[in-house]
Protein chains: 2
Amino acid sequence: MNRPDTGSDNGHVPTAKKKTTVSATPERRRELLNTAAEVFAAQGYNATTVRRIADEAGMLAGSLYYHFDSKESMVDEILSTFLTELWDGYDAVLAADLGPRETIEALVTESFREIDRHRAAVAIYQKESKHLAAQPRFGYLTESQQKFEKAWLGTLERGVADGAFRADLDIRLTYRFVRDTVWVAASWYRPDGHHSPEEIARQYLSMVLDGIARRD
Amino acid sequence: MNRPDTGSDNGHVPTAKKKTTVSATPERRRELLNTAAEVFAAQGYNATTVRRIADEAGMLAGSLYYHFDSKESMVDEILSTFLTELWDGYDAVLAADLGPRETIEALVTESFREIDRHRAAVAIYQKESKHLAAQPRFGYLTESQQKFEKAWLGTLERGVADGAFRADLDIRLTYRFVRDTVWVAASWYRPDGHHSPEEIARQYLSMVLDGIARRD
DNA sequence: TAACCTACCAAACACTTGTTAGGGAACGGT
DNA sequence: ACCGTTCCCTAACAAGTGTTTGGTAGGTTA
């Protein structure tokens, strides 16, 4: 995403980069990012101290700076990694060129799968992206949000023109409605629950598409 | 329309009243709470410094402590005031003893009215209530949430038994769905928009009850 | 005039924050 | 045996945090 060398991973080419504290084994790095994401999601980014993260990881605060060069770059890497994977899935769906209704169904299902895999990252994204996006470093958050809106709004418009969706609704309101109902699930979703992401997606889609009132 | 002063200290539910620096004219106090709420909502509670609030109010940080005895008690008063008014509205709806569908409609409409009047407080509530509720001082947040769940879940259950709502949906999932769709609106709602709270409520209800897919 | 209250300022305090510098133990390669 | 790397610790720093203390201009009351 915003990482300088997004190309092929682990390029061993000795770039003229300064020591960006990159471990040879990114294994521990990911471990630490996971615990950091968990704490960020639970307490909020600003309320989380690096000492708390280090504590949770079984080390001291200063030691974190061997792996990362700032608290900010931790949340940066968490969010950009998540968004990269998210768009891998979304782009695949959009490239399939399905009908409007099927596209919505696929996007919702894919979203719940991402929530399942990146629960913490999604929670962080929801809470913090708004004021993080103000910093130029996190410009990709705004970009992603615009791309997001374009994909969903476009699909909804196609669906209205196509007759799949109701034409009497404010389409921007509908967009926010669908978007929010999907992503807020990250705030209560627990992967150990009995609902699989696909099952939750099915029920959500049933509500969003057909409503909760009984039909006669 | 500004509300006529409630006269008797609108005893907000939660906080134990000790010797709190209470002004003779609560007017300035409310002014300060409004600006504080605005900053809290925009930046997040932890990311907001008392110096920033004071700056926005045109005074110095220490001066705030003439009106309030801590930053925490500011957000406390903001949230408890909001919840008190919210439950005034909810209790009136519930006391009317309407049918399940009409109750849901009335609750949703009332919710959007509250969002209209307390946009900042609602935004704060959504972002911060989760970790604020951990402190005993904010126990009323948990209480309110339980009361909330009871009212909504009960109404949904009545509606299923009654035939107004579909019986094939997971009712807890439906509850979270309806609850979230309503309250996340506070994150994008702007009172200067062209939609009145009632109009937004109408569209939301239309989507939640009947779905966005076109019926044949 | 004198006492008093309101609403603020000025300046500090104690503490927490993210971050850095230097060092050292373990380990593998040569 | 030597070197280099990896990964962490110890100990501090400077900036920022919420909060307190003492003071004071202006208005109101007696």
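Below is a table of values for the structure above.
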quantity	calculated
Shielded by partner chains, the stretch B:120-159 residues - at least 30 Å² of accessible area, 1.4 Å probe, vs chain alone	B:K127, B:K130, B:H131
Average accessible area per residue (Å²) across the stretch B:174-216 - probe 1.4 Å, nucleic acids and ligands excluded	42
Given charges at beta-carbon only (K, R positive; D, E negative), |dipole| of chain A in Debye	660
C-alpha long axis of helix A:71-95 to longest principal axis of chain A, angle in °	40
Between helix B:197-210 and chain B: long-axis angle, C-alpha atoms, 0 to 90°, nearest 10	40
A versus B: buried accessible surface, summed, Å² (probe 1.4 Å, to nearest 100)	3900
Computed P(r) (all Cα pairs; the stretch A:119-184; 5 Å bins; percent)	4, 15, 21, 22, 15, 10, 8, 3, 0
Per-residue mean of C-beta atoms belonging to partner chains within 10 Å, peptide A:193-206	2
Leading residue at positive end of dipole, the stretch A:161-216 (Cβ point charges), from A:Q203, A:G193, A:V178	A:V178
For B:L98, label point 7 Å along C-beta direction: distances to other copies, nm	3.6
Hull-based mean projected area of the stretch A:177-216, where the convex hull spans the alpha carbons, in square nanometres	3.4
Binned Cα-Cα distances of the protein assembly as shown, short to long, each 10 Å bin given as a whole percent	4, 19, 28, 26, 16, 7, 1, 0
Peptides A:204-216, A:126-138 ordered by average Cβ neighbours within 10 Å, highest first	A:204-216, A:126-138
Within the accessible area of the stretch B:104-147 (1.4 Å probe), percent carbon and sulfur	48
Dipole-positive endmost among B:L60, B:Y90, A:S73 within the protein assembly as shown (Cβ charges, Cα centre)	B:L60
Value at 222 nm in deg cm²/dmol, rounded to 500, when DSSP H runs of n ≥ 4 in chain A each add -39,500 (n - 2.57)	-21000 deg cm²/dmol
Degrees separating the helix B:100-117 axis from the principal Cα axis of chain B, which is the longest one	30
Estimated vicinal HN-Hα couplings, Hz - the stretch A:160-169 in sequence order (Karplus 6.51, -1.76, 1.60; Gly, Pro = x)	6, 4, 7, x, 6, 10, 4, 9, 9, 10
Among B:158-166, A:27-35, the order from most to least packed when residues are scored by Cβ within 10 Å on average	B:158-166, A:27-35
Alpha-carbon radius of gyration plus Dmax, which is the widest Cα pair, for the stretch A:73-210 in Å	15.1, 46
Exam field: B:T142 pseudo-label spacings to other copies (7 Å along Cα-Cβ), nanometres	4.1
Rounded to the nearest 20 debye, dipole of the protein assembly as shown from Cβ charges on Lys, Arg, Asp, Glu	1120
Phi to ³J(HN,Hα) by Karplus 6.51 cos²θ - 1.76 cosθ + 1.60 over the stretch B:172-188, Hz, x for Gly, Pro	5, 5, 5, 4, 4, 4, 5, 4, 5, 4, 6, 7, 5, 4, 5, 6, 10
Phi to ³J(HN,Hα) by Karplus 6.51 cos²θ - 1.76 cosθ + 1.60 over the stretch B:123-138, Hz, x for Gly, Pro	4, 4, 4, 5, 7, 10, 4, 4, 8, 5, 4, 5, 6, x, 4, 9
Label point 7 Å beyond Cα along the C-beta direction, distances from A:R190 to other copies (nm, shortest first)	3.9
Mean-position separation - Cα centroids, the stretch A:111-146 and the stretch B:37-80, in angstrom	27
Amide H contacts of A:F165 (H built 1.01 Å from N, under 5 Å, at least 5 apart or other chain)	A:V160, B:R214
Average accessible surface area per residue within the stretch B:21-69, 1.4 Å rolling probe, Å²	57
Flagged links, alpha-carbon separation over 28 Å, of A:K127/A:K150; A:K71/A:K130; B:K71/B:K127; B:K71/B:K130; B:K71/B:K150	B:K71/B:K150
Environment charge of B:D192, counting only residues whose C-beta is closer than 13 Å and scoring Lys/Arg +1, Asp/Glu -1	+1
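The values are calculated or read from the model by the stated rules, or taken from the named source; none is laboratory data. The structure presented is a predicted model; accordingly, all values stated were derived computationally and were not measured. Here Cβ is always computed from backbone atoms with ideal geometry, including for glycine, and neighbour counts include all displayed protein chains. Ligands, DNA and RNA are stripped out before the accessible areas are found, and what is left, the full protein with its side chains, is counted by its heavy atoms. Shrake-Rupley method; radii C 1.70, N 1.55, O 1.52, S 1.80 Å.
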